[in-house]
1. Under 6 Å by Cβ, and 6 or more places apart or on different chains, what pairs join a residue from the stretch 211-228 that is over 15 Å from residue 279 (Cα atoms) with one that is in a helix (DSSP H, G or I)?
2. Within the stretch 257-279, does at least one residue satisfy the condition of being touching a residue at least 24 places away in the same chain (Cβ under 8 Å) and out of contact with any strand residue (DSSP E or B) (no Cβ under 8 Å at 6 or more places or on another chain)?
3. Among the strands (runs of 3 or more DSSP E) confined wholly to the stretch 1-73, which include 2 or more residues that are touching a helix residue (DSSP H, G or I) at 6+ places or on another chain (Cβ under 6 Å) and surrounded by 15 or more Cβ atoms within 10 Å (Cβ to Cβ)?
4. Conditions: (1) over 30 Å from residue 327 (Cβ atoms); (2) at pLDDT below 70; (3) buried (at least 17 other Cβ atoms within 10 Å of the Cβ). Residue 178 meets all but one. Number of the miss?
5. Would you say residue 225 is closer than 21 Å to residue 295 by Cα, surrounded by fewer than 21 Cβ atoms within 10 Å (Cβ to Cβ), touching a helix residue (DSSP H, G or I) at 6+ places or on another chain (Cβ under 7 Å) and at pLDDT 90 or above?
6. Filter the stretch 201-211 for residues that are under 25 Å from residue 308 (Cβ atoms) and at pLDDT below 90; which is surrounded by the fewest Cβ atoms within 10 Å (Cβ to Cβ)?
């Protein structure tokens, strides 16, 4: 799928369903995330013409087994490219990590002496940090370009699982553990931060039961619900009962607008999100990034375009070390500041 759009000051182009990526430009900074997942090295290993050192964001591991898997991923990446590790706290410690990442990006900007052309593999970076990098980079003019690689994963969300409670402190999910807290992503705030009326645009993933109370606490006036076209929510009969019940309850609300969007359609969802914001009568539209990482990226792009939109992420108590294998399909997204002179060199 090839597509290109203009979103405010940004232009966005995408190419999906790739098996390899041949880079056409040099980058001032290349970032990735070091993870336990099998697909961690997939994007970079399928990329050619990469001539910069990769800076790998490494979040502190919860146990020795997870740490060992990350080191295995690092070894695989070093077989393909030169890599350096940027050590961070556990991924749920967002404020401390965001401060360190911001200093790191600012140092790179000051060292270069100009706005940066950046390549980032978003595959194994948590959504809150992907969105933070996007907002930080363009809001502070640190980035002239942010190109993103994404390796699709083979999730087995329909595999046998323990029945999980619909609500309650247990908060057991497929990807996360514990109840969710909310995080307003810095640099992706709306003009009105405490609205009297709020609409929500929620990108859904594979944890519908945990998403329901998270959504309901905002008491949205209107709710836009983005469902992944290729996911199991399109065949509710295959979901476990609690998930099916939660999905039915969400879709039966009278104020819901359903949108089915392909997993990696950043340009398409960004366009829909911008239209949703322009049509809203609420003071603020909150984009809630629960689903795929490309969908989160689309919400961030829309928030940079529309003054009435902010972006919210969930922060669970912990993430499960789900070992996601690559499907072999890679997407490449190109985001650039259309009015930054450096974009034309």
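The values are calculated or read from the model by the stated rules, or taken from the named source; none is laboratory data. What you see is a predicted model; the values in this text were computed from it and never measured. So basically every Cβ, Gly included, is an ideal-geometry build from the backbone, and we count neighbours across all protein chains shown.
1. 212/246; 227/233
2. So far as the stretch 257-279 goes, yes, one or more of its residues are touching a residue at least 24 places away in the same chain (Cβ under 8 Å) and out of contact with any strand residue (DSSP E or B) (no Cβ under 8 Å at 6 or more places or on another chain).
3. On the way: elements: 2-7, 10-18, 29-33, 54-59.
Result: 2-7, 10-18.
4. Only one criterion is unmet by residue 178, namely (1).
5. On the way: closer than 21 Å to residue 295 by Cα: yes; surrounded by fewer than 21 Cβ atoms within 10 Å (Cβ to Cβ): no; touching a helix residue (DSSP H, G or I) at 6+ places or on another chain (Cβ under 7 Å): yes; at pLDDT 90 or above: yes.
Spelling it out, it is not the case that residue 225 is closer than 21 Å to residue 295 by Cα, surrounded by fewer than 21 Cβ atoms within 10 Å (Cβ to Cβ), touching a helix residue (DSSP H, G or I) at 6+ places or on another chain (Cβ under 7 Å) and at pLDDT 90 or above.
6. Step one: list which residues in the stretch 201-211 are under 25 Å from residue 308 (Cβ atoms), which gives 201-205, 211.
Still in the list and also at pLDDT below 90: 205, 211.
Numbers: 205: 28, 211: 25.
Restricting to residues being under 25 Å from residue 308 (Cβ atoms) and at pLDDT below 90, the top hit is 211.
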